[in-house]
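Working notes, structure below.
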Amino acid sequence: MTELKYRRVLLKISGEALLGSKSFGIDAKVINQIAEELKEVYQYGLEIGIVIGGGNIFRGIAGEKQGMDRARADYMGMLATLINALALQDALEAQGISCRVMSALEVIEVAEPYIREKAIRHLEKGRVLILACGTGNPFFTTDTAAVLRALELKCEVLFKATKVDGVYDKDPKKHPDAKKFDELTFDEALHKRLKVMDATAFSLARDYKLPILVFNLLNYGNIKKAVLGESVGTYIKA
């Protein structure tokens, strides 16, 4: 039997990671790859909660820059995460994985309302849980929602799956000499002014000593490496 480092994890998937080669929307190849990887670790008995972003469709902050009311724009962004959640549910169920979507906004025709005790029960019954619509409140990012749900659901670690290999001292896309960190403490990340996630989310994780593992979602096999405790990405701890 495969020995896992973690029993219950919260996986944060950025909306941008679902773009793949597209400039907008969902790349079916990417979402199917994610589902295939999740199936492998799911079969080990891992309990998986997923918070998904909506940046591949709409971002509230982008709407605000275009002159929209920020709260209304954020609600639109939340609905974008629901579209992604349903797409991921479809891909997971095609892999034979039992899956539920729970939404912080009430859209009962397509998702269950988020209720903490029921969410925990889904995980205990071996269902992959996709958590849509962020916190349900404007002005909060899906990073904050991921940390909040990880704490509520008593997850042992937050996996922040992005399009980069980890946390760097500067933008690796602009600076070829950028240095990747294998491990950091929360205090070191703050001292070095590293952009791991938004300040609210990072402070909450730091206060409650929730470890964060940042890695590249698009490199096949990274999710498995993460749950087995193999070296991947950047590990941030108390």
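No value in this document is a laboratory result; all are computed from the given coordinates. Note that the structure is predicted; figures quoted are calculated from it, not measured. Here the Cβ is made from the backbone with ideal geometry for all residues, glycine too, and neighbour counts use every protein chain on show.
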**Prompt:** When the Cα centres of region 50-67 and region 165-191 are compared, how far apart do they sit, in Å?
**Reply:** 25 Å
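Which whole-number percentage describes the relative contact order of region 8-237, with Cα contacts under 8 Å and a sequence gap of 6 or more?
Numbers: 459 pairs, mean separation 50.7, N = 230.
It rounds to 22 percent for region 8-237.
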**Asked** F24 to I108: extension gain in nm, 0.36 nm per residue of separation minus the Cα-Cα distance?
**Response** 27.6 nm
**Asked** What is the antiparallel percent of DSSP beta bridges lying wholly in the chain, to the nearest 5?
**Response** 15 percent
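Loop by DSSP (not H, G, I, E, B), at most 13 other beta-carbon atoms within 10 Å: where is the longest site-free stretch of the chain for GluC sites (Glu not before Pro)?
Working: sites that count: E3, E106, E109, E230.
That would be 110-229.
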**Asked** Taking square-rooted eigenvalues a ≥ b ≥ c of the alpha carbon gyration tensor, is region 77-153 rounded, prolate or oblate, where a/c under 1.5 means rounded and, failing that, a/b exceeding b/c means prolate?
**Response** oblate
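Considering only DSSP states other than H, G, I, E and B, which chymotrypsin sites (Phe, Trp or Tyr not before Pro) in region 93-180 qualify as loop sites with at most 15 other Cβ atoms within 10 Å? Spell out each step's value before the answer.
Details: sites: Y114, F139, F140, F159, Y168; in loops: Y114, F139, F140.
Passing sites in region 93-180 are F139.
Per residue of the chain, what 222 nm ellipticity follows from adding -39500 (n - 2.57) for every DSSP H run with n ≥ 4, rounded to the nearest 500? All intermediate terms of the calculation are to be shown ahead of the outcome.
Values: 8 runs with 88 residues, N = 238.
The per-residue figure over the chain is -11000 deg cm²/dmol.
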**Request:** Taking H placed 1.01 Å from N in the peptide plane, check which residues at least 5 places from V167 or on another chain put their amide H under 5 Å from its amide H.
**Result:** F181, T234
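State which entries of K118/K225; K29/K237; K12/K237; K22/K118; K5/K174; K5/K29 exceed 26 angstrom in Cα-Cα distance in the structure shown.
Values: K118/K225 29 Å; K29/K237 33 Å; K12/K237 17 Å; K22/K118 36 Å; K5/K174 34 Å; K5/K29 28 Å.
Pairs exceeding 26 Å: K118/K225; K29/K237; K22/K118; K5/K174; K5/K29.
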**Asked** Across every pair of different alpha-carbon atoms, what Kirkwood hydrodynamic radius in Å does region 1-76 reach?
**Response** 14.4 Å
**Request:** Considering only T141, T162, T185, give the residue with the highest GNM mean-square fluctuation for the chain, with springs between Cα atoms whenever their separation is below 10 Å.
**Result:** T185
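Pop out the Kirkwood hydrodynamic radius of region 64-202 from its pairwise C-alpha distances, inverse of mean 1/r, in Å to one decimal. Provide the component values of the computation, followed by the final result.
Details: mean 1/r = 0.0587 Å⁻¹.
Final number for the Kirkwood radius of region 64-202 is 17.0 Å.
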**Candidates K173, K209, K154, ranked by Gaussian network fluctuation over the chain, Cα under 10 Å, top entry** = K173
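Compute the whole-percent fraction of alpha carbon pairs in region 140-188 spaced more than 17 Å apart. Mind showing how you got there, number by number?
Details: 613 of 1176 pairs.
Value for region 140-188: 52 percent of Cα pairs lie more than 17 Å apart.
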